[in-house]
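A.B. asks: Dumping the structure here so I can ask a few things about it.
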Amino acid sequence: MKRPSRITVPQLVALKQAGEKISMLTAYDYPTAALVDAAGIEAVLIGDSMAMVVQGHETTLPVTFEQIKYHAEMVGRAVQHALVIVDLPFPTNHLGVHRVIELAGQLLKEARVQAVKLEGGADQAPVIAGLVSAGIPVMAHIGLRPQNVHQMGGYKVQRDAEKLLADSLAAQNAGAFGIVLECIPAELATRITKELTIPTIGIGAGAGCDGQVLVLHDLLGLTNGFVPKFVKQYADLSTVISSAVENYKTEVRSGKFPGPEQQFR
Ligand code: KIV
């Protein structure tokens, strides 16, 4: 079967040169990935945020490589047009360059993803370079690194300008094709964006980035409790789902469902 072609890594990078903003969203399963893709989003990320919004954990740390791969396979089957990127879950990218290439290679071979994302900048430059030399495109991720939550002492805005600039340049020099900037003051993210030739994708990093990424469940209003300041909820799906389920329950109790039109004669 011939599939429609997806956005490629060089095409995504070219969007920066053309001054076009990039929209990226997470997706973790077939139906939501298909919807996100059909809406014209340029890049879909199977994020390790699934540990929190799908699996119900408090941090991103518990999600395993096998679980990420399983979800990447679903997303890989659904997406026809967007670039598909998958997160390397904790602590995959610290296992030594050869092992990381082996694991990332499995994702490209078996899950139809085109690139991997890893948390890190200068500290991960050898890993980024190793993956790139093996033909595996890499998106780096600096600023707030949720996999380092214990070391960072919580989910805090990152303000060390010199370090963040050095991290972003090191990632670019190592061959990363893009970089996520998470929870960085807007002026600093704008400065980094101007310094780099590769696209910056911001989350909590202001409007000066080349693109934006959000966790799909946050955008849809599907998360309970705390909503980070940088999230804009474009829908209230929690209310929609609760009310549909309540209506179903009421109709089952009252005998209104199933009606004649849902029954076989
Ligand atoms: O895991 C994730 O969803 C992410 C994005 C928020 C960038 O890393």
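The values are calculated or read from the model by the stated rules, or taken from the named source; none is laboratory data. The structure displayed is predicted, hence computed values, not measured ones. Note that we place each Cβ from the backbone using ideal geometry, even for glycine, and neighbour counts take in every protein chain shown.
A.B. asks: Just checking, does segment 133-154 include any residue being more than 21 Å from Val86 (Cβ to Cβ), more than 16 Å from the ligand (Cβ to nearest atom) and hydroxyl-bearing (Ser, Thr, Tyr)?
C.D. replies: Here is the first cut: in segment 133-154, the ones more than 21 Å from Val86 (Cβ to Cβ) are 150-154.
Narrowing further to those that are more than 16 Å from the ligand (Cβ to nearest atom): 150-151, 153-154.
Cutting the leftovers down to hydroxyl-bearing (Ser, Thr, Tyr) gives us none.
Scanning segment 133-154, I find no residue that is more than 21 Å from Val86 (Cβ to Cβ), more than 16 Å from the ligand (Cβ to nearest atom) and hydroxyl-bearing (Ser, Thr, Tyr), so the answer is no.
A.B. asks: I've got another one for you. Take the residues of segment 182-209 that are in contact (Cβ under 8 Å) with a residue 24 or more places away in the chain and more than 14 Å from the ligand (Cβ to nearest atom): which is surrounded by the fewest Cβ atoms within 10 Å (Cβ to Cβ)?
C.D. replies: Thr197
Condition check ((1) touching a helix residue (DSSP H, G or I) at 6+ places or on another chain (Cβ under 6 Å); (2) hydroxyl-bearing (Ser, Thr, Tyr); (3) in a helix (DSSP H, G or I)) across all residues:
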residue: Glu119; (1), (2), (3): yes, no, no
residue: Ile128; (1), (2), (3): yes, no, yes
residue: Ile136; (1), (2), (3): yes, no, no
residue: Lys156; (1), (2), (3): no, no, no
residue: Ala176; (1), (2), (3): yes, no, no
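A.B. asks: If you don't mind, another one. May I ask you to list the residues in segment 70-107 that are within 22 Å of Ile201 (Cα to Cα) and of a type in the set (Phe, Trp, Tyr)?
C.D. replies: Phe90
A.B. asks: I'm trying to understand the selection: among the residues of segment 85-105, which are in a strand (DSSP E or B) and of a type in the set (Asp, Glu)? Steps first, answer last, please.
C.D. replies: The first filter runs over segment 85-105 and keeps only residues in a strand (DSSP E or B), leaving 85-87.
Across segment 85-105, the qualifying residue is only Asp87.
A.B. asks: Taking segment 1-28, which residues are buried (at least 17 other Cβ atoms within 10 Å of the Cβ) and assigned to a loop (DSSP other than H, G, I, E, B)?
C.D. replies: Arg6, Ile7, Ala27, Tyr28
A.B. asks: From the set of residues in segment 113-151 that are over 19 Å from the mean Cα position of the chain (by Cα) and more than 24 Å from Gln11 (Cα to Cα), which is surrounded by the most Cβ atoms within 10 Å (Cβ to Cβ)?
C.D. replies: Checked segment 113-151; the qualifying residue surrounded by the most Cβ atoms within 10 Å (Cβ to Cβ) is Ala122.
A.B. asks: Also, I was wondering about something else. With respect to Phe226, is the statement that it is among the hydrophobic types (A, V, I, L, M, F, W, C), part of a loop (DSSP other than H, G, I, E, B) and loosely packed, with under 15 Cβ neighbours inside 10 Å true? First the steps, then the outcome.
C.D. replies: Values: among the hydrophobic types (A, V, I, L, M, F, W, C): yes; part of a loop (DSSP other than H, G, I, E, B): yes; loosely packed, with under 15 Cβ neighbours inside 10 Å: yes.
When the stated conditions are applied, Phe226 passes them.
For every residue, the table says whether it meets (1) out of contact with any helix residue (DSSP H, G or I) (no Cβ under 6 Å at 6 or more places or on another chain); (2) not assigned by TED's automatic domain parsing to the domain that holds Gln124.
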site	(1), (2)
Pro185	yes, no
Leu188	no, no
Ile203	yes, no
Ala207	yes, no
Val227	yes, no
Asn247	yes, yes
Pro260	yes, yes
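A.B. asks: Say whether the condition of being more than 16 Å from the ligand (Cβ to nearest atom) and either not assigned by TED's automatic domain parsing to the domain that holds Leu222 or not in a loop (DSSP other than H, G, I, E, B) (or both) is met by at least one residue in segment 37-54. Break it down stepwise before answering.
C.D. replies: Keep residues of segment 37-54 that are more than 16 Å from the ligand (Cβ to nearest atom), which gives 37-40.
Then keep just the ones that are either not assigned by TED's automatic domain parsing to the domain that holds Leu222 or not in a loop (DSSP other than H, G, I, E, B) (or both); that gives 37-38.
Looking through segment 37-54, at least one residue is more than 16 Å from the ligand (Cβ to nearest atom) and either not assigned by TED's automatic domain parsing to the domain that holds Leu222 or not in a loop (DSSP other than H, G, I, E, B) (or both).
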